[in-house]
Amino acid sequence: MQNEEENAIGLSDGVSDSVYASANGDGGGCAGSGASGGASGCTSGGAKGDSSDSAIACKTAIIVVDMLNDFVTGSLACERGAAIVPALARLLDGARRAGCDANGIANVPIVYANDCHLPGIDHELKLWGEHAMKGTYGAEVVLELAPKATDYIVPKRRYSGFFMTDMNILLRELGVNTVVMTGLHTHMCVRHTTADAYMHGYDVVVASDATDAFTEQDYLSGLEYLRTVYGAMIATVDEIVDAFSR
Ligand code: ZN
């Protein structure tokens, strides 16, 4: 674990290479040069094993899953979810401090994947009851994590932030190849969003102190699943923010 953490913060172009390394054990290279086929606008340079001075353009986005009033304090209230708000706020602040490019596009884009259910018809409501209903207070991001002008919001009606949404086209056009997963719940919407990110070829980092679930067991088993099945790198908010500033 320590080695992985050192990899994450030792890279000049973000954490994606070490994710790739953790999944494949080949020492890295951007997704564009690897078996994942290149998820993004990253320029494939084939600089495997030479990440530090690679010319490959790697771009990381933060995905914030369901940090909505209903998920934190409302109809699906989760105390453990409320507890991650300060760490997640620190991560978002670190991403925003990375600034924007000449076109005003964030260097580390923040994408909110927000439940936004339609009354009476959404399949998920049969299992969970009404939550995060479109247009309601419960469907708004909690105040402490409120989106800013340079952020993106992707409404969703299923667990995955990719399923029948604009997520993939958004990330591709932003040139993103690595996503940092955060939010609720580690073993449900975060897991399903990570699954689709992986299947679309993105490298995945999970911010371990910026995601949680109803129980410790769900949280820990959720993390372990992401690590073993999607090759996700597990890193803390501080480690990830540190990588942004390098
Ligand atoms: Zn839902």
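The values are calculated or read from the model by the stated rules, or taken from the named source; none is laboratory data. It should be emphasised that the depicted structure is a prediction, and the values quoted were computed from it without experimental measurement. Here Cβ is always computed from backbone atoms with ideal geometry, including for glycine, and neighbour counts include all displayed protein chains.
Whether any residue in the range 150-168 is free of Cβ contacts under 8 Å to residues at least 12 places away in the same chain and surrounded by fewer than 24 Cβ atoms within 10 Å (Cβ to Cβ) is what I want to check.
Kept after step one, since they are free of Cβ contacts under 8 Å to residues at least 12 places away in the same chain, are these residues of the range 150-168: 164.
When the remaining residues are screened for being surrounded by fewer than 24 Cβ atoms within 10 Å (Cβ to Cβ), the result is 164.
Looking for residues that are free of Cβ contacts under 8 Å to residues at least 12 places away in the same chain and surrounded by fewer than 24 Cβ atoms within 10 Å (Cβ to Cβ), one finds at least one in the range 150-168, hence yes.
Can you tell which of Gly81, Gly135 is buried (at least 20 other Cβ atoms within 10 Å of the Cβ) and not basic (Lys, Arg)? Full working, then the answer.
On the way: Gly135 fails: buried (at least 20 other Cβ atoms within 10 Å of the Cβ).
The conditions single out Gly81.
Taking into account only those residues within the range 182-203 that are within 16 Å of the ligand (Cβ to nearest atom) and not in a helix (DSSP H, G or I), which is surrounded by the fewest Cβ atoms within 10 Å (Cβ to Cβ)?
Looking at the filtered set, the residue picked out is Met188.
Given the conditions (1) surrounded by fewer than 24 Cβ atoms within 10 Å (Cβ to Cβ); (2) in contact with a Ser or Thr (Cβ under 9 Å, 6 or more places away or on another chain); (3) not basic (Lys, Arg), report the number of the one that Val64 does not fulfil.
The number of the failed condition is (1).
Consider Val179 carefully, then state whether it is among the aliphatic types (A, V, I, L, M), within 19 Å of Cys78 (Cβ to Cβ) and surrounded by 22 or more Cβ atoms within 10 Å (Cβ to Cβ). Let's see the steps before the verdict.
On the way: among the aliphatic types (A, V, I, L, M): yes; within 19 Å of Cys78 (Cβ to Cβ): no; surrounded by 22 or more Cβ atoms within 10 Å (Cβ to Cβ): yes.
No; evaluated as a whole, the condition is false for this residue.
Given the options Thr186, Thr193, name the one that is under 27 Å from Glu124 (Cα atoms), out of contact with any Asp or Glu (no Cβ under 7 Å at 6 or more places or on another chain) and at pLDDT 95 or above. Talk me through it step by step, then tell me what you get.
Numbers: Thr186 fails: out of contact with any Asp or Glu (no Cβ under 7 Å at 6 or more places or on another chain).
When all the criteria are applied, what remains is Thr193.
Can you spot a residue in the range 98-110 that is within 15 Å of the ligand (Cβ to nearest atom) and either of a type in the set (A, V, I, L, M, F, W, C) or in a loop (DSSP other than H, G, I, E, B) (or both)? Give the derivation first.
Let us first name the residues in the range 98-110 that are within 15 Å of the ligand (Cβ to nearest atom), namely none.
There is no residue in the range 98-110 that is within 15 Å of the ligand (Cβ to nearest atom) and either of a type in the set (A, V, I, L, M, F, W, C) or in a loop (DSSP other than H, G, I, E, B) (or both).
Report yes if Tyr198 is more than 15 Å from the chain's Cα centre (by Cα) and among the hydroxyl-bearing types (Ser, Thr, Tyr), otherwise no. First the steps, then the outcome.
Details: more than 15 Å from the chain's Cα centre (by Cα): no; among the hydroxyl-bearing types (Ser, Thr, Tyr): yes.
No, not satisfied.
So which of Glu216, Glu144 ends up being among the charged types (D, E, K, R), surrounded by fewer than 16 Cβ atoms within 10 Å (Cβ to Cβ) and closer than 20 Å to Arg96 by Cα?
Glu144
Can you name the residue in the range 120-165 that is part of a loop (DSSP other than H, G, I, E, B) and aromatic (Phe, Trp, Tyr) and is also nearest to the ligand (Cβ to nearest atom) among such residues? If you could, list the steps in order and put the result at the bottom.
Quick first cut of the range 120-165, residues part of a loop (DSSP other than H, G, I, E, B) only: 120-124, 129-132, 134-136, 140, 142, 146-151, 157-165.
Next, only the ones that are aromatic (Phe, Trp, Tyr) stay: 159, 162-163.
Values: Tyr159: 7, Phe162: 15, Phe163: 11 Å.
Here the answer is Tyr159.
Of everything in the range 66-90 that's more than 18 Å from the chain's Cα centre (by Cα) and not in a helix (DSSP H, G or I), which residue is farthest from His131 (Cα to Cα)?
The extreme case among them is Cys78.
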